[in-house]
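Mind looking over this structure? Questions follow.
The values are calculated or read from the model by the stated rules, or taken from the named source; none is laboratory data. Just so it is clear, the structure is predicted and the values come from calculations on it, not from any experiment. Using ideal geometry, Cβ is built from the backbone for each residue, glycine included, and neighbour counts are taken over all protein chains shown.
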Amino acid sequence: MKHIASSILGVSLAVILAGPALAQGPGGRGGFGGGGLGMLLGNASVQKELKLEASQIEKAKELTDKIREKMTAAREQLQGADQEERRTKMMELNRENNEMVLKTVGEFLKPEQITRLKQISLHQRGAMAFEDEEVAKKLALTDAQKSEIKSIVEDSRTEMRSIFQENQDDPDARMKKMTELRAQTLAKAAAKLNDEQQKTWKELLGAPFEVKYERPAN
């Protein structure tokens, strides 16, 4: 039992820094909710921001359900893996899911809706967004910057683990502290960008947006 709990903790921490959308899961429930673009597309507040029509929402639901099944299966398969392997595989799976989503949504979303979905994803991923190859390329990050940002994220992940373990019986306090740490981590990482990169980063983010989560009815 202790091994299983440790495994779940490791997988959860691998995605928590990527924002509440991943940490809370579909519908605002706590737990495993990794899925990037696909899971965001299934969120009601995101659908409203994108101005999705009924037919688009239905197709988005079908896509989200497929990704949720993949992520659930991945969670079970990774229970026996060590922490670094879990983190690496989760990042790989999220990249695969995002690539699949971008190919699929082109069939039912408008170009401007896809652009906004990408912007929202960057807001949610926080400092981890800088590890994305496409983002790093658009910002023209140097090897030194990549190394510095990676170190910042790793340090934050260690602190996040402590917060998780020390506040297991108080989910509200845990999420508050994690959210604060995530904001601090993003600020530290963004501070490594030069003026031109800062400008490009703001353009990539677009207008601020906070994803809202509905608590499931009791």
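Select from segment 116-136 the residues that are in contact with a Leu (Cβ under 9 Å, 6 or more places away or on another chain) and not hydrophobic (A, V, I, L, M, F, W, C) and list them in ascending order.
Within segment 116-136, R116, K118, Q119, S121, H123, Q124, R125, G126, D132 meet the criteria.
How many residues are basic (K, R) and part of a loop (DSSP other than H, G, I, E, B) if we restrict to segment 42-90?
Of the residues in segment 42-90, 1 are basic (K, R) and part of a loop (DSSP other than H, G, I, E, B).
Any chance segment 165-173 includes a residue that's part of a helix (DSSP H, G or I), aliphatic (A, V, I, L, M) and crowded, with 18+ Cβ neighbours inside 10 Å?
Looking through segment 165-173, none of the residues is part of a helix (DSSP H, G or I), aliphatic (A, V, I, L, M) and crowded, with 18+ Cβ neighbours inside 10 Å.
While we're on this one: For segment 130-154, give me each residue that is farther than 30 Å from A60 by Cβ and either surrounded by 21 or more Cβ atoms within 10 Å (Cβ to Cβ) or among the aliphatic types (A, V, I, L, M) (or both).
A140, L141, A144, I149, I152
Residues are listed down the side, and each one gets a yes or a no for (1) part of a loop (DSSP other than H, G, I, E, B); (2) surrounded by fewer than 17 Cβ atoms within 10 Å (Cβ to Cβ); (3) of a type in the set (D, E, K, R):
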{"position": "E96", "(1), (2), (3)": "no, yes, yes"}
{"position": "I120", "(1), (2), (3)": "no, no, no"}
{"position": "M128", "(1), (2), (3)": "no, no, no"}
{"position": "S156", "(1), (2), (3)": "no, no, no"}
{"position": "L186", "(1), (2), (3)": "no, no, no"}
{"position": "L193", "(1), (2), (3)": "yes, no, no"}
{"position": "Q198", "(1), (2), (3)": "no, yes, no"}
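In the set Q24, Q56, which member is polar (S, T, N, Q) and modelled with pLDDT of 85 or more?
Step by step, each of Q24, Q56 is checked, and only Q56 is polar (S, T, N, Q) and modelled with pLDDT of 85 or more.
Within segment 102-118, track down each residue that is under 13 Å from G38 (Cβ atoms), more than 17 Å from the chain's Cα centre (by Cα) and assigned to a helix (DSSP H, G or I).
The answer is K103, T104, V105.
Can you list residue pairs whose Cβ atoms sit under 8 Å apart, with the first residue in segment 179-207 being within 19 Å of T158 (Cβ to Cβ) and the second being aromatic (F, W, Y)? Count only pairs 6 or more apart in sequence or on different chains.
Note: pairs meeting the criteria are A189/F130.
Quick one: T179 ticks every box in (1) more than 17 Å from the chain's Cα centre (by Cα); (2) surrounded by 12 or more Cβ atoms within 10 Å (Cβ to Cβ) except a single one, so which number is it?
For T179, the failing item is (1).
Output yes when any residue across segment 109-117 is touching a residue at least 24 places away in the same chain (Cβ under 8 Å), within 21 Å of K199 (Cα to Cα) and not β-branched (V, I, T), and no when none is.
Within segment 109-117, one or more residues are touching a residue at least 24 places away in the same chain (Cβ under 8 Å), within 21 Å of K199 (Cα to Cα) and not β-branched (V, I, T).
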